[in-house]
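Here's the structure, in structure tokens; my notes come after.
The values are calculated or read from the model by the stated rules, or taken from the named source; none is laboratory data. No experiment lies behind these values; they were computed from the predicted model shown. Cβ placement follows ideal geometry from the backbone for every residue including glycine, while neighbour counts extend to all protein chains displayed.
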Amino acid sequence: MLSAPGIPITGRGCRPELIAGDACKSAGPDKLADRLMCDTNICCELFYRDGDRIKAHLDMVDQTYTDLLSNSDTKVNNTARMFMSGSQEIRRIFAKYKKTWCEKRKQALHFDNHDEFYADTGKMFDLILKRIQDETEHLYPLIREIKGDSQRAA
């Protein structure tokens, strides 16, 4: 179900817990292998909380592209466009994931095929962690370089 390998996603520095949040630490893909864990209110709450964090982060990072796009350096412009495109693709993939597995009105996860849910969730975590790595290695250093600030990015 999920795709888009190599497309930058989301993250905030080297701190994946701020994005993948509690789900990475508490109910990450390894814990979701237990079908009973998936049926708990806590697991469902973590999914929705972390989904909100992912969206908030993408919104925040989207605000940084203006400075990068207005830069005269073509490399900087291309990097900004690549990350913008990645944000749009992640939003699309995450919306599809939520539509398939999450019932927001009932604040519940819903699935008949646990193995498929588990596989898709693992792919979603991989996508998010890849974005965190891409931002940490490529986007944030570029922002620091452009703004002349070695401590702050996004």
Does residue 58 meet the test of being at pLDDT 90 or above and either under 18 Å from residue 129 (Cβ atoms) or outside any helix (DSSP H, G or I) (or both)? yes
Looking only at segment 119-134, which residues are among the hydrophobic types (A, V, I, L, M, F, W, C), touching a residue at least 60 places away in the same chain (Cβ under 8 Å) and either in contact with a Pro (Cβ under 7 Å, 6 or more places away or on another chain) or farther than 12 Å from residue 90 by Cα (or both)? 125, 129, 132
Taking the conditions exactly as written (at pLDDT 65 or above and surrounded by 12 or more Cβ atoms within 10 Å (Cβ to Cβ)), does residue 104 satisfy them or not? no
Residue by residue through segment 126-154, note down the ones that are modelled with pLDDT of 90 or more and among the aliphatic types (A, V, I, L, M). 127, 128, 129, 132, 139, 142, 143
Residue check, residue 49 exposed (fewer than 14 other Cβ atoms within 10 Å of the Cβ) and of a type outside the set (S, T, N, Q): yes
Restricting to segment 63-97, and then to whatever is free of Cβ contacts under 8 Å to residues at least 60 places away in the same chain and buried (at least 16 other Cβ atoms within 10 Å of the Cβ), can you tell me which residue is farthest from residue 146 (Cα to Cα)? 94
